[in-house]
């Protein structure tokens, strides 16, 4: 006999009680605020509100697309995000494989803990450490000079041309260990008998990794790649806030920081919302393109 919706609900009311608070929070903090997107099409002022502000159509979008600063910001965002993707994404997989190949024991657990640790520290703490290490009298310059690799300190943080690499490498250092978790979980699900059979057939470690480990985690690799491509315009706001200075602002101003300065510092909420919508739309397009690309190449996708 087919049960009614009420009967189904009552049969699992404990689960419903657990789920509904999260749904309510999602509606209140994620869906209701989407009404504010209307400000991108208005000359919005907090004094007049949503309904009394003048409707200007696509003027805000035309304004930032015609702003020369925006293209510099877009270039910085794409450059930093692509460097993080090209270097950090493969490095997470390599580190996960190296950790997985370690024999179970204290050394493996300590290695995992050390690699995860920077993720749990805020950019305020890490930023202070990085600024100290990369200063003219800091650890990095002192080490390079003691090894006679350089004759005078390098201006890592004051040289705008070095900022993209500083942002990329420091972000990788912070997140690469955390990024290995899903890969390690996927590796734990690979049938050990496959490795044993490969050993019997005379396959060396690199061949076992190439023919067993990598195919075994290919679904997770595809998933993470698509998600990373979809967030390519979302450079780390906290990192940019901490590491930005007047000397490197030409290379450190990214879209998220650009929106922050326009919206909160200058109070141009309509312009900032328009930039945010543009960034979100482009991110969705990139997500779909990455999904189609992986489906054609690997015959696998997330949707």
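The values are calculated or read from the model by the stated rules, or taken from the named source; none is laboratory data. Only a predicted model underlies this, so the values are computations on that prediction, with no experimental measurement involved. Backbone-built Cβ (ideal geometry, glycine too); neighbour counts: all protein chains shown.
Here residue 196 meets the list (1) farther than 29 Å from residue 42 by Cβ; (2) buried (at least 19 other Cβ atoms within 10 Å of the Cβ) almost entirely, failing just condition (2).
Results for (1) closer than 30 Å to residue 252 by Cα; (2) more than 32 Å from the chain's Cα centre (by Cα); (3) at pLDDT below 85, shown as yes or no for each residue.
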| position | (1), (2), (3) |
| --- | --- |
| 10 | no, yes, yes |
| 14 | no, yes, no |
| 32 | no, no, no |
| 42 | yes, no, no |
| 51 | no, yes, yes |
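Residue 260 passes every criterion in (1) more than 26 Å from residue 120 (Cβ to Cβ); (2) surrounded by fewer than 20 Cβ atoms within 10 Å (Cβ to Cβ); (3) in contact with a helix residue (DSSP H, G or I) (Cβ under 7 Å, 6 or more places away or on another chain) apart from (1). Take the residues in the range 60-98 that are more than 23 Å from the chain's Cα centre (by Cα) and surrounded by 15 or more Cβ atoms within 10 Å (Cβ to Cβ); name whichever of them is farthest from residue 278 (Cα to Cα). My answer is 63. Filtering the range 99-108 to residues that are assigned to a helix (DSSP H, G or I) and loosely packed, with under 13 Cβ neighbours inside 10 Å leaves 106, 107. Only one of the listed residues (261, 298) is at pLDDT below 85 and at negative phi. That residue is 298. Restricted to the range 120-140, and to residues there that are in contact with a helix residue (DSSP H, G or I) (Cβ under 7 Å, 6 or more places away or on another chain) and surrounded by 15 or more Cβ atoms within 10 Å (Cβ to Cβ), the residue that is farthest from residue 153 (Cα to Cα) is 123. Any residue in the range 102-125 that is without any contact (Cβ under 8 Å) to a residue 40 or more places away in the chain sitting within a Cβ distance under 8 Å of a residue that is not in a helix (DSSP H, G or I)? List the pairs, counting only those 6 or more apart or interchain. Close Cβ pairs (under 8 Å, with a partner that is not in a helix (DSSP H, G or I)) amount to 108/102; 111/102.
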